[in-house]
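Asker: The structure that follows is given in the form of structure tokens.
Read the figures in this text as sums done on the coordinates, not as results from a lab. Just so it is clear, the structure is predicted and the values come from calculations on it, not from any experiment. Virtual Cβ from ideal backbone geometry, glycine too; neighbours counted across all protein chains shown.
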Amino acid sequence: MKLVPLGDRVVLKQLVAEETTKSGIVLPGQSKEKPQQAEVVAVGPGGTVDGKEVTMNVAVGNQVIYSKYAGTEVSLEDEEYIIVKQSDILAIIE
Amino acid sequence: MKLVPLGDRVVLKQLVAEETTKSGIVLPGQSKEKPQQAEVVAVGPGGTVDGKEVTMNVAVGNQVIYSKYAGTEVSLEDEEYIIVKQSDILAIIE
Amino acid sequence: MKLVPLGDRVVLKQLVAEETTKSGIVLPGQSKEKPQQAEVVAVGPGGTVDGKEVTMNVAVGNQVIYSKYAGTEVSLEDEEYIIVKQSDILAIIE
Amino acid sequence: MKLVPLGDRVVLKQLVAEETTKSGIVLPGQSKEKPQQAEVVAVGPGGTVDGKEVTMNVAVGNQVIYSKYAGTEVSLEDEEYIIVKQSDILAIIE
Amino acid sequence: MKLVPLGDRVVLKQLVAEETTKSGIVLPGQSKEKPQQAEVVAVGPGGTVDGKEVTMNVAVGNQVIYSKYAGTEVSLEDEEYIIVKQSDILAIIE
Amino acid sequence: MKLVPLGDRVVLKQLVAEETTKSGIVLPGQSKEKPQQAEVVAVGPGGTVDGKEVTMNVAVGNQVIYSKYAGTEVSLEDEEYIIVKQSDILAIIE
Amino acid sequence: MKLVPLGDRVVLKQLVAEETTKSGIVLPGQSKEKPQQAEVVAVGPGGTVDGKEVTMNVAVGNQVIYSKYAGTEVSLEDEEYIIVKQSDILAIIE
């Protein structure tokens, strides 16, 4: 099962950082706030959206910064995703 | 009696999951929250909507994720439907 | 006296269901909530509305679902009507 | 002195119903609520309004239903008028 | 010193009515409410305003009705003016 | 250091009136309210702004009336400026 | 790691002023309020944004004044950035 976004929508998955403590124990990063970084997992086809031509400029695998209050949280098969419009993606992290 | 949506509107029916308890009893899924998944039951013709050309990209039978606060709940012959604009459909589940 | 709607406006009349009790008495349906179903009683000419070309897709006699909070209630010769824009009509019931 | 409306504006005068009591006395109708019916007393030239071409479809003498919260009340020589945009006129009463 | 309005703006001066008491004394009209009548004292050139072509249809000396809550009050050399957009002028009084 | 405004923006400097008391002492005018008069100190290039072509109609040195609630106050090297869009300038004082 | 802004977005870094006390000690300027001055660190490609053609007029290294309430604060590798749309940049400081 996978999400196929429509129009100018992009499916994101928030990044979870692993963190190594000074004693060397690896802690999974859920407790660390990373509110706006995410990885692109699916990209809509673009085209005419609300009467305007949209070209998609992000690609699957891109790490991106997205607008904090944008998007809809969706859970599918126990995974959490965020679906945003491409215009809510502010920058790609390279 | 059936609903024939106008313009860029789409008639959805929320998915109800059946759930089998560990003892094997099948429980109908009404108590399980699945707020944003629905199946497409009718699709409007698209065309010029609010002065903009809209092409319909969903089809009857598609399972979709739609925007939580969008749409109008409608009941017809004891069935509950949600009528949304296609732009409120975020993604198709494949 | 009749209402001739302008532009993309449509005059609706809410449907009143008759209901037969188990004892066979017919009760007029005013007490039964049917908030969004109505019959089209007059259709505007469409044309250029707010700078956009509108084609009318509903016809007198259609039973329709309209958006709950849309429209203006009007009373004329002791009859109650609702005047909506065609875009507030979500679907035709067939 | 008369009001010459600009653009897509229309000058209305609310209708006042005369009412005959059972004893035959004619009461002028000011106390009777008729909030949305009015007669057209002047019609603007239409043309380009806010960048959009507007054709005027009402004429002086038309009795119309207008949107309850629209328009500006104006008094001129002790007469009360309402100036609305044509798009606030919902229907003509014929 | 004079005000030269830009774009589709119009400079208005509120009309002050003189009122003659029964004893024949002329009272200047400041205490009489005339909130929406004004005389045009300067008219902008029109042209492209906010991407739309605007033609000016009022002239210096016109007495007009303007929208009550529109405009900016400006005082210049102890005179009070109101600067409105032409679209806030509802009608010319002839 | 100087401010070079972008697009349809204009840099203004509020006018400070000098006032001579009856005894002949010149008081700098900071205490006198002149909220909407300002002098143009820099003018953006205009061009396409938000998809619309804007021609600049004010020039450095113009004294202007601007909209009271418009603009952003900016301080640079202990001088206070207001940056407004040209459309917030209502009139030139000549 | 660097931020590559999309569309008409610009990545800014707020300016921190150094301040020398009278006794000659240099104090880093974090305590000094400079809310609206920033340096451009990355510029999006422009192009069609929300159906409108946008040309980028700022360049990396420009010192700019930006609109106080605009933009999204982003932190990347312990550096704080602000991502704004170019239209939120009011002026370049030269």
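Asker: Points 7 angstrom from Cα along the Cβ direction at E:Glu77 and E:Thr55: gap in nanometres?
Answerer: 3.4
Asker: Going down the table (A:Lys85/D:Lys52; D:Lys52/F:Lys52; B:Lys52/C:Lys52; A:Lys85/B:Lys85), which pairs top 20 Å between alpha carbons?
Answerer: On the way: A:Lys85/D:Lys52 30 Å; D:Lys52/F:Lys52 16 Å; B:Lys52/C:Lys52 9 Å; A:Lys85/B:Lys85 16 Å.
The pairs that break the limit, which is 20 Å between Cα atoms, are A:Lys85/D:Lys52.
Asker: Still on this structure: Would you mind ranking C:Val60, E:Val54 by Cβ crowding within 10 Å, fewest neighbours first?
Answerer: Working: C:Val60 11, E:Val54 21.
Fewest-to-most Cβ neighbours within 10 Å comes out as C:Val60, E:Val54.
Asker: What residues have an amide H closer than 5 Å to that of C:Val49, excluding those fewer than 5 places away on the same chain, when H is modeled at 1.01 Å from N in the peptide plane?
Answerer: C:Val54
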